[in-house]
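The values are calculated or read from the model by the stated rules, or taken from the named source; none is laboratory data. These numbers were taken from a predicted model, which means no experiment stands behind them. All Cβ positions, glycine included, derive from the backbone under ideal geometry; neighbour counts span all protein chains shown. Protein only, heavy atoms only, side chains kept; ligands, DNA and RNA dropped before computing areas. Shrake-Rupley method; radii C 1.70, N 1.55, O 1.52, S 1.80 Å.
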Amino acid sequence: YGQSLARVQSITEVPARDTADRNTDAMQTDVCFEHVTFAYPNKKDSALHDVNLQFPKGSHTAIVGESGSGKSTLASLMMGFWQPQSGTVRLGGENLAELSERNIADFFSMVQQEVFLFNTSIRDNIRIGKPDATDEEIRRVAELARCDEFVSRMPEGYDTLIGENGAALSGGERQRISIARALLKDAPIVLLDEATASLDVENETKIQAGISELIRNKTVLIIAHRMRTVANAHKIVVLKDGTVAEQGTPAELMVRGGEFARMVERQREAS
């Protein structure tokens, strides 16, 4: 109870953002971290320290590192959930702190390892990605995310109730609904946060087909522990203790023989 109370108190201490919605139609989808340092409330040590990174429009970047290295913190700052104590996060050249939560949310789709589903129909769970979507739009993205494969076995098809947090579905099926949501939203920046980490090989293969559709022509950030999931990224960023340890293409980092190469070798040995 004490830890939960401390967490609630830390959130209420974050000042509200006095920003108004702006016309962001002309904004680009590059993201830039400029000397960003961030520490969570009531924490002495920084989760990120003097981070400088660029994620150009259309690029696919993988963020890797051990647990606690700052990967999820980086994603949270990028989506405006937190503000850095120093430095600036920019979206399309605009200071993220000066954009409204609605503006920022319009730019991002996120697929996480843990999927939250409502105790309603499959159709309505997908429609969360775009509340005014037509049934035809929902069916189209469901097919791209390979949802139709299991929906066809359901007693009421897309109108089937899935239980509390999708209790009637497997992990792979729940993840495919999450991908269908993101496809329906069609945001220009996609965050994949350990999206396939809990899946077996068969389900991961099916999910990857949907992810391939999701990230087409998008700016993509992939947070991952498993090195095989980042092999096709344009760039790898390795975080260690809240700082950028190294960055480059997968091939460059393997030749360098640094932190990334050691992570790949450790996972090979473990498997």
Discussion item. How much accessible area per residue does the chain have, counting only protein heavy atoms and a probe of 1.4 Å, in square angstrom?
Written reply: 51
Worksheet, complete the sentence: Within the set GLU252, GLU101, GLU202, GNM on the chain using Cα springs under 10 Å gives the largest fluctuation to GLU202
Item to complete: With a point put 7 Å past each Cα toward its Cβ, work out how far LYS43 is from THR88 in nm, to one decimal.
Response: 2.5
Worksheet item: Taking a 29 Å limit on the Cα-Cα distance, which of the listed pairs LYS185/LYS240; LYS44/LYS235; LYS43/LYS130; LYS206/LYS240; LYS71/LYS218; LYS130/LYS235 fall beyond it?
Response: LYS185/LYS240; LYS44/LYS235; LYS43/LYS130; LYS206/LYS240; LYS130/LYS235
Response to the item:
About its Cα centre, the chain carries a charge dipole, from +1 on Lys and Arg Cβ atoms and -1 on Asp and Glu Cβ atoms, whose size in debye to the nearest 20 is 440
Discussion item. Along the charge dipole of region 145-271, pointing to its positive end and built from +1/-1 on Cβ of Lys, Arg, Asp and Glu, which listed residue (ALA224, VAL244, VAL255) has its Cα farthest out?
Written reply: VAL255
Worksheet item: Of the accessible area of region 26-98, with the probe set at 1.4 angstrom, what percent is carbon plus sulfur?
Response: 47
Worksheet item: With contacts defined as alpha carbon pairs under 8 Å and 6 or more residues apart, what's the relative contact order of the chain in percent?
Response: 23
Fill in: Cut-off 15 Å (backbone N to label point 7 Å along Cα→Cβ of GLN28), residues of region 73-102
90-95
Worksheet item: Length gain on complete extension for the stretch ARG268 to THR134, per 0.36 nm per residue less the alpha carbon to alpha carbon distance?
Response: 43.7 nm
Item to complete: Would you mind telling me which residue in PHE55, PHE38, PHE81 has the biggest mean-square fluctuation in a Gaussian network model of the chain, where springs connect alpha carbons within a distance under 10 angstrom?
Response: PHE81
